[in-house]
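What follows is a short report on a single structure.
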Amino acid sequence: TDALIVERSRFESQEKRGTMQSKGYIVRFFGSTVGAIVGAVVYNRDEWEFYLPIRLVFFINGALPLLFLLPVVPYLLELDTHCAPKNFYSQCRELFQTVQLRAVWQPMTFVYIYNALQLTNAAWMNFLVEGLGFTAWMIGIVSIMGSIMAWFGIMTYKKFFFASNWRVVYFWCTALATIIALGQLILVFGWNRKLGIPDIIFSAGDD
């Protein structure tokens with residue numbers, strides 16, 4: 001999806017540059033939200049009498065993309081770039097020359113370091129299940145919360161911050177993510193229980 005969007009984004013005007021990509025992510029996270037809700041419902045065997053076995057859930061998860069994508073494959077258009085094909089060495093040389101440009105390597109280095117420091121807590125899900133006794137339904141709720149917030153974030157960015165300076169967007173998004181991540185400490189130390197607040201409120205964690 002990203003490759004197709006990047007290829008076709010060259011035909012966007014300067015004023016609308018990035019609109020296609022933001023719409024693609026809106027659709028993607030909306031589907032993620034729907035999938036999280038359906039997944040939480042169909043595999044809720046601990047609290048409901050009706051549930052689907054996990055192998056069937058995985059089969060549906062793998063079959064749905066094929067069901068929606070295969071019918072449109074014959075209609076995909078190959079864009080004619082009017083460029084002569086180049087060998088592997090020439091492509092690598094041009095790529096290396098492009099990376100040496102300050103307009104390329106500087107933001108690329110920042111994005112790489114930024115994402116490298118976004119370490120996920122591998123033990124968090126295990127803590128929710130083993131430490132706090134979260135059921136499959138509660139884990140599903142956590143996933144739904146994460147998908148909805150991601151979808152809401154993309155919608156908000158497209159609506160209000162699309163033309164904003166990306167440095168400002170990165171700064172405030174990082175600050176907000178840091179504040180939300182501090183909720184993990186509240187849950188780990190049990191401070192929320194002293195105030196009578198349910199664990200699930202602070203369980204979003206990395207999501």
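The values are calculated or read from the model by the stated rules, or taken from the named source; none is laboratory data. What you are looking at is a predicted structure, and each value in this text was computed from that prediction instead of being measured. Positions of Cβ are backbone-derived with ideal geometry, glycine not excepted, and every protein chain shown enters the neighbour counts. With ligands, DNA and RNA removed, areas are computed over all heavy atoms of the protein, side chains included. Shrake-Rupley method; radii C 1.70, N 1.55, O 1.52, S 1.80 Å.
Dipole magnitude for region 71-158: computed about the Cα centre from +1 point charges on Lys and Arg Cβ and -1 point charges on Asp and Glu Cβ, it is near 260 debye. Ignoring lysines fewer than eight residues from LYS158 along the same chain, the ones with Cα atoms less than 27 angstrom from its Cα are LYS16, LYS23. Annotation: peptides 63-76, 167-180, ranked by per-residue average of other Cβ atoms within 10 Å with the highest first, follow the order 167-180, 63-76. If R0 is taken as 22 Å, the Cβ-Cβ distance between PHE160 and VAL6 corresponds to a FRET efficiency of 0.35.
Report, to the nearest whole %, how much of the accessible area of the chain belongs to carbon and sulfur atoms, 1.4 Å probe, protein only. Write down the numbers at each step before the final one.
Working: 11020 of 16050 Å².
Percent of accessible area from carbon and sulfur atoms in the chain: 69.
Accessible surface area normalised per residue over the chain is 78 Å², counting heavy atoms of protein chains with a 1.4 Å rolling probe.
At a Förster radius of 25 Å, what calculated FRET efficiency corresponds to the Cβ-Cβ distance of ILE197 and ALA123, to the nearest 0.05?
Numbers: r = 22 Å, r/R0 = 0.89.
It comes out at approximately 0.65.
Each residue of region 169-177 was assigned a 3J(HN,Hα) from its phi angle through the Karplus expression (A = 6.51, B = -1.76, C = 1.60, θ = phi - 60°), giving 4, 4, 4, 6, 5, 5, 5, 5, 5 Hz with x at Gly and Pro.
If you stretched the chain out fully between GLU49 and LEU70, how much longer would it get, using 0.36 nm times the residue separation minus the C-alpha to C-alpha distance? Don't skip to the answer; put the middle values down first.
Details: separation 21, 0.36 × 21 = 7.56 nm, distance 3.46 nm.
Result for the pair: 4.1 nm of gain on full extension.
Under Stokes-Einstein, with the Kirkwood radius over Cα pairs as Rh, the value for region 61-150 at 20 °C and 1.002 mPa s is 113 µm²/s. Taking label positions 7 Å along the Cα-Cβ direction at both PHE96 and ILE180, the computed distance is 4.1 nm, reported to one decimal.
Couplings for region 82-89, taken from phi via the Karplus curve 6.51 cos²θ - 1.76 cosθ + 1.60 with θ = phi - 60°, read 6, 10, 6, x, 10, 6, 5, 5 Hz in order; Gly and Pro are left as x.
Our summary gives the chain a relative contact order of 29 percent, counting only alpha carbon pairs under 8 angstrom and 6 or more residues apart.
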